[in-house]
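The values are calculated or read from the model by the stated rules, or taken from the named source; none is laboratory data. As the structure is a computational prediction, the values presented were derived from the model and not from experiment. Neighbour counts run over all protein chains shown; Cβ positions are idealised from the backbone, glycine included.
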Amino acid sequence: MKAVLCREFGPPSSLVVSEVDEPVPGPGEVLVRVEACGVNFPDTLIIQGKYQQKPAMPFTPGGEVCGTVAVLGEGVSGPAVGTRVAALIPYGGFAEAVAIEAGRLVPVPEGVAPDAAAAICTAYGTVLHALEDRGALMLGETLLVLGAAGGVGMAAIQIGKLLGARVIAAASSMDKLEACRAAGADGLVNYTEEHWRDELRALTEDRGPDVVFDPVGGPYTEPALRSIGWRGRYLVVGFAAGEIPRIALNLALLKNCAITGVFYGEFVRREPANNRAMLARLFRWVADGQLVPAVSHRFPLEGAGKALGLLSGRRALGKLLLVTHAGQRPSG
Ligand SMILES: NC(=O)c1ccc[n+]([C@@H]2O[C@H](COP(=O)([O-])OP(=O)(O)OC[C@H]3O[C@@H](n4cnc5c(N)ncnc54)[C@H](OP(=O)(O)O)[C@@H]3O)[C@@H](O)[C@H]2O)c1
């Protein structure tokens, strides 16, 4: 089978596609024939040795797959061979097949295409957990999304709208902001411009946003926190800008606001039943046509380096996917 290989830590351009032996599922594992695999920011870090996990070489990156069950390992009684499933995994997904612990698999219902399922798990799962569970976003509240044209950012615009919020998108260029508008954002601010806090204040009638969704960190966090409304909830989601901000806690006191961490991977591990219920809800929205995942590019496995280069170069819009021969429709 074909697999993307990282032979030594390095940039996206150092990835290669090779013929390798198909994995044999061990006890408690299932072999999944991959149709589509989501491309996520942590994939850019793991191949450079900058992620908490440092797999032995060579390894295959890719942490979010959708495919069909091909072989059940020892001690596994289901899901049945042929069932379409999705899973979050540490790595291994950029391949035509991968062995996955059975407990990680979530069945994908009829009406949800494999690329939609692969796009949903990480970004949309993170966002729904963040906005509803951690941020208690209420109907009619205002949500500010930083990095709004990125994978989780676009998902936050879409889920924010589905939950009945007014959504303001913040991003670094006009092109990105136009993509955010197309995804449903009600207001737009370019947070690389000097007076963006004034624009935000005007867009929120001087009140500030009720909830801030921040997957970027760096220089954007402090001005966003200073702008938050009374009783606001500031969601710490990620640090795509590369720098973890240090915040003076008086800012939280002054706004009577909460600064709340979001760690979706650990939520999946500790609260699997809650996560399954949440993913089932997301899949229902997709099957009903209420939610169309914001996928901007589909690449074949050979496009893995290009896809990761777009993410690390700050050039991606929405979600990027790798699609195998079994998943058809590559267009990147
Ligand atoms: N906490 C969790 O459970 C969880 C779950 C999923 C993802 N995350 C984290 O969320 C973050 C975003 O993930 P994603 O998949 O949405 O990534 P993405 O698609 O690359 O989006 C990140 C956005 O960050 C902004 N950015 C600012 N400075 C950047 C830089 N130096 N390099 C790259 N991007 C920069 C970019 O928007 P502008 O150009 O508009 O500024 C970009 O669109 C990552 O840090 C990821 O690890 C956390």
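With respect to the conditions (1) charged (D, E, K, R); (2) over 22 Å from Lys255 (Cβ atoms); (3) within 13 Å of the ligand (Cβ to nearest atom), Asp214 lacks only one, and its number is (2). Looking at Leu143, Leu131, Leu139, just one residue is in a strand (DSSP E or B) and under 25 Å from Arg207 (Cβ atoms), and that residue is Leu143. Residues of the range 279-332 that are surrounded by fewer than 21 Cβ atoms within 10 Å (Cβ to Cβ), more than 17 Å from Gly160 (Cα to Cα) and more than 16 Å from the ligand (Cβ to nearest atom): Ala280, Ala287, Asp288, Pro300, Glu302, His325, Ala326, Gln328, Arg329, Pro330, Ser331.
The condition (being near the ligand (Cβ under 10 Å from one of its atoms) and buried (at least 19 other Cβ atoms within 10 Å of the Cβ)) is satisfied by just one residue among Thr204, Thr142, Thr126: Thr126. Please verify whether Ala149 is assigned by TED's automatic domain parsing to the domain that holds Gly229 and either surrounded by fewer than 24 Cβ atoms within 10 Å (Cβ to Cβ) or not aromatic (Phe, Trp, Tyr) (or both), treating the condition exactly as stated. The answer is yes for Ala149. Taking into account only those residues within the range 1-51 that are out of contact with any strand residue (DSSP E or B) (no Cβ under 9 Å at 6 or more places or on another chain) and of a type in the set (Ser, Thr, Tyr), which is surrounded by the most Cβ atoms within 10 Å (Cβ to Cβ)? Once the filter is applied, the top-ranked residue is Thr44.
Applying the selection to the range 159-182, what residues are surrounded by 23 or more Cβ atoms within 10 Å (Cβ to Cβ) and either in the same structural domain as Gln290 (by TED's automatic domain parsing) or away from the ligand (no atom under 11 Å from the Cβ) (or both)? Within the range 159-182, Ile159, Gly160, Ala165, Val167, Ile168 meet the criteria. Of all the criteria given as (1) at pLDDT 95 or above; (2) touching a Leu at 6+ places or on another chain (Cβ under 6 Å), the one not satisfied by Val65 is (2). Picking from residues in the range 249-266 that are out of contact with any strand residue (DSSP E or B) (no Cβ under 8 Å at 6 or more places or on another chain) and within 16 Å of the ligand (Cβ to nearest atom), the one that is farthest from Ile89 (Cα to Cα) is Phe263. Looking across Arg84, Arg104, one residue alone is farther than 30 Å from Glu194 by Cβ, assigned by TED's automatic domain parsing to the domain that holds Arg298 and at pLDDT below 95. It is Arg104. Determine if the range 186-196 includes at least one residue that is closer than 18 Å to Arg134 by Cβ and among the hydrophobic types (A, V, I, L, M, F, W, C). No, that holds for no residue.
Does the range 3-27 hold any residues that are part of a strand (DSSP E or B) and either touching an Asp or Glu at 6+ places or on another chain (Cβ under 6 Å) or without any contact (Cβ under 8 Å) to a residue 60 or more places away in the chain (or both), and which are they?
Correct list: Leu5, Cys6, Val16, Val17, Ser18, Glu19.
For the range 52-91, residues that are surrounded by 24 or more Cβ atoms within 10 Å (Cβ to Cβ), touching a Gly at 6+ places or on another chain (Cβ under 7 Å) and in a strand (DSSP E or B) total 2.
Residue count for the range 217-248 under the criterion of being within 15 Å of Leu200 (Cβ to Cβ), surrounded by 18 or more Cβ atoms within 10 Å (Cβ to Cβ) and more than 13 Å from the ligand (Cβ to nearest atom): the result is 6.
Rundown of residues vs (1) over 20 Å from Gly289 (Cβ atoms); (2) in the same structural domain as Pro23 (by TED's automatic domain parsing); (3) within 13 Å of the ligand (Cβ to nearest atom); (4) charged (D, E, K, R), yes/no style:
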residue	(1), (2), (3), (4)
Val98	yes, yes, no, no
Gly111	no, yes, no, no
Pro114	no, yes, no, no
Ala130	yes, no, yes, no
